[in-house]
Each structure stands twice: as structure tokens, then as C-alpha cells.
Amino acid sequence: MAENLFQKALEKRQKMEKEKEAKKNRPSGGSGEFEEFNYCALESEVQAGFRILGVPFEMREKPTDPKLILLSNILNEAGNSYLKIYWPYKEKDGRYEPDPSWILTKMYNKVTEGKWKKFSKPVFDEERGKEVTGEFEHTNKNTKIFQKLKSKFGNSKEGEKYPKNFYPSSRVVLNCIDRLDSFCEDNKHSKLLSSKVSVYEKDGNTSVFADIGIPYTLYTQIFDTYVNYGGDWNKCDALVIKKEKKYEVASADEPKRIMANLKGKVIDGELTEEELQYELYDLDKFFSPSSYRKLKDKLGFLFKLCDAELKTNFYDELEKLVEKEQAEWEAKQEVKENKEISKKDESKTSAPEKTERRESKKETSSSEPSEEVKKYFTSLKYWGELSKKEQDLILGSVTTIKDKVPQYKRGLKVLACSNETTCLWPGTAEPSEYNEEVTRCPICNEVFPVED
């Protein structure tokens, strides 16, 4: 089945390449948030060996399969940090482009609109090092909103060495088994592949900053490496070396390409039954398009600036979308709670009364929060925005507060706030995290994505 899926993915990629080429030949007209993940990092000049888990994203079947994302790091209103924004996308002319119906895409397209101007004769462009026959003239290039979205330094902090683009880049997130260490084997869990991971130590605290996923171009290089050798990555480990301006990719079925640090570690063969049972990250849960609530709360100032300068009404439209999103979320919550009530009712009728009372008493006594825990959480800015049920859920799951960080009960699954590294426990460098059933962050008021 895997080989068939790889063949289908290859056919789809070939089709997109034809569409892309057809687009080039058309006349020019005028169109120019988080769990504390464990990462398999691609380090400069160090060969990484890993097994990709799942099928190509073009043929993805499960939330754990490789996933294409469009990601941009957008400067906040204060100008001191970046927000990770995930854009929904559509396939167009052999490319993956931001969904034109999404409100942030609509605003971006409005701000950067214009028309193509053809020169009377070719002009040498020094920046690109070649002659050009014309240029795209932006209608709104003299506005503040254009400078923030399109100019070279408009979306970067003061003094930023490498300016960031407002427009999203295509990346791929995927689960893998890292062969360089024994983490995956010891914990029976995958890692996320990352093109760069940086670790900082300050005042005894360790902070990890990672690039989300890998560039789409590297994903394509890995995919092509396997297809060219007639195999697929479910049967053989991948080898990647990060060079200064490129990546070198091979597979473990080429013994001569395996460097000393991976000798005897990478595998050319099927996964073991144990490896097939490893827990994987649900990529849809963590890397879905950013919510309208997040756009309004974090980027509302850009929509307002656009409306003021270009006489649009994007902010009003965004507010309506937030209301609709909230209503849909509440409806889903009601359905979910009704299902839970039904399950409890069924359990009551099927279980002996004596056993039920004993279990209920045990649950109550074990979830009684201490005054320290109560004081800590009730002091959080948006604690009152959580439902009573969610408040009780959190309070009953925390054992104590250690070094200003809540300590959850052993074995409990918790997820970090969708705002990634920007939402930390007060006075610490640790990301805030909550029971997976919690739907809103009591620190930054972020509404978490809800699975269907």
C-alpha cells in the first residue's frame, strides 16, 4: 500500500509541476500557538539519521502523517516579539498558496495590489543581477500598512539582522525516529524533525527555540531521493547533512554515504513491531490554521490600520468571523458535554451502586486543590474566562507549584498554549500548559483549536 501511495504522490507532484510550467507560459497580466516537543535537529555539518513516519503529505491519511503548512512569523504591536501564524492554503497553478478567501490573505492581497508596468527597453536590476523587462507597481506603496506587510524591514524588530517576511513560507512538519540518540526507543515516542534548534541557558533556566518543521524544498529533496531509488521512506532511514547553503540527502541503503557518527545506528529495513507502536504527535492538533480569535487579539491593529488608510472594513468582518467561530465552538462543546453525560448515565446504570460511590469518593478526595494552587491560578489574568468545569479540571490536576511552575499529576497528558514560546508561566521561561480538555488559555486568552 505504501508503494502505491508514493506512486500517487509522485503523479500528483508531476501534475503540479506541469501546472506550474503552464502558469509561467501564460501572458503577464497583473497578478504578481504548542506542546513541549522533542526535536530531531538538523545541525550544520553533522549528518542526521532518522526514519520518517507516515505517508507523503500529498496522500496523508491520518493526523500523524507529514503535513504541509504555510507559516509566517509576524511582528506584534509592541514590536518586541513574533507571532506564529498558520495560513490555510489552496493548490493553484502547481503551487500551494494562501487561501484567497481567508481574511488575512484578503487583507494582504488588498494592501499589495497593483499592476504590471512594462519598460520601453530592458533594464539591468543590480539586486537580482539580471535584466528585467518591467516591474509590478503597487497601488498602496506609500501607506504605513504597506510598509508593515511588504517592505524589507517592516516586519522585523529594530536592528534585526535577518528581516522576516510577512508572507508565509511553505514548510512540512513530520514525525520521525531519531537514530542519533535513544530518546525515541526509551520513551516509545517520535520526535519532530526541525531545520534548526537553539538552546539557551539563563539564570539556571533552559529555553529551547526551534524552527517549525523543514523547508518544503528539503522535503521535496528527500522525497525525490527515495523515488529515484525506487523505494519509500517507510523501508529505509534518511540521511541529511545541513551545509551552508544547501542540504545533502541520501538514504541508509547507500552504506558509503553513512558517516562515522551514524555507523551501526541507521537502518535499511522495515520498522520493528515495537517501533510501529510508538506514540506520534497529532500534527493537525498543533499546526492547524490560526483562529480568527488569535488574528483579532494579536493582529487586530493591522486590520484597523488597513481600514483607516485604505477605507476598507476588514476589522468589522473579522469581528463577525470571531463571533461565528465562538458560536461554532460552543455548539461543539455542548455536543461533547452531552456525549459525556450520556456515557456517565450509561455507566451509572451498568455499575453497582456501592462501587460507583466508592470510586466517586476517591476521585473527589484526590482532586482537592491546595490553597497555594488555588491562589496561583485565580491570579491569572483570564482565569475567569474559563468555564467552571475547566477551572475545576485544572485545579484538580495540579499537585503543587514548584519554582512558579504548576506540577501536574504523573501520567496526565497536558498541552501547551497555542502561542508557543510567547505564552509562559508568569515569572518563568517555561511555556504554559494545561489539560488537553481545556479550550482557552487563562494567561493570554488564546482559544485553542477544537477537534471534530
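Before moving on, here are some points about what is shown:
- Estimated FRET transfer efficiency when R0 is 30 angstrom, pair Glu43-Glu340 (beta carbons, to 0.05): 0.10
- Gain on full stretching of the segment that runs from Val197 to Phe183 - 0.36 nm per residue minus C-alpha separation: 3.4 nm
- Ranking of Val55, Val199 by count of other Cβ atoms within 10 Å, fewest first: Val199, Val55
- For the pair Asp99 and Gln333, a Förster radius of 30 Å applied to the C-beta separation gives a FRET efficiency near 0.70, rounded to the nearest 0.05.
- Rough spin-label spacing in nm, given labels placed 7 Å along Cα→Cβ, for Glu436 and Phe209: 3.0
- For the pair Asn261 and Phe153, label points projected 7 Å from Cα toward Cβ lie 3.6 nm apart.
- Ranking Phe153, Phe223, Leu104 by how far each Cα lies toward the positive end of the dipole of the chain (charges on Cβ) leaves Phe153 at the top.
- Put a dot 7 Å past the Cα of Glu17, heading toward its Cβ, do the same for Phe124, and the two dots end up 3.5 nm apart.
- Within the shell defined by Cβ-Cβ distances under 12 Å, the residues around Tyr89 carry a net charge of +2, with Lys and Arg each +1 and Asp and Glu each -1.
- Neighbour-limited loop hits for GluC sites (Glu not before Pro), region 47-151 (at most 12 other Cβ within 10 Å; DSSP other than H, G, I, E, B): Glu61, Glu77, Glu126, Glu127
- The length gained on full extension between Gln407 and Lys304, counted as 0.36 nm times the residue separation minus their Cα-Cα distance, comes to 33.0 nm.
- Ranked list, fewest to most other Cβ atoms within 10 Å of each Cβ, for Phe223, Phe209: Phe209, Phe223
- Trypsin sites (Lys or Arg not before Pro) restricted to DSSP loop in region 243-325 with at most 16 other C-beta within 10 Å: Lys243, Lys245, Lys246, Lys263, Lys265, Lys311
- Residue-averaged [θ]222 nm for the chain, counting only DSSP H segments that reach four residues, each worth -39500 (n - 2.57): -10500 deg cm²/dmol
Every number here is computed from the coordinates shown, using simple stated rules; none is lab data. Fair warning: this is a prediction, and the values are worked out from it, not measured in the lab. Positions of Cβ are generated from backbone atoms using ideal geometry, with glycine treated the same way; all protein chains shown enter the neighbour counts.
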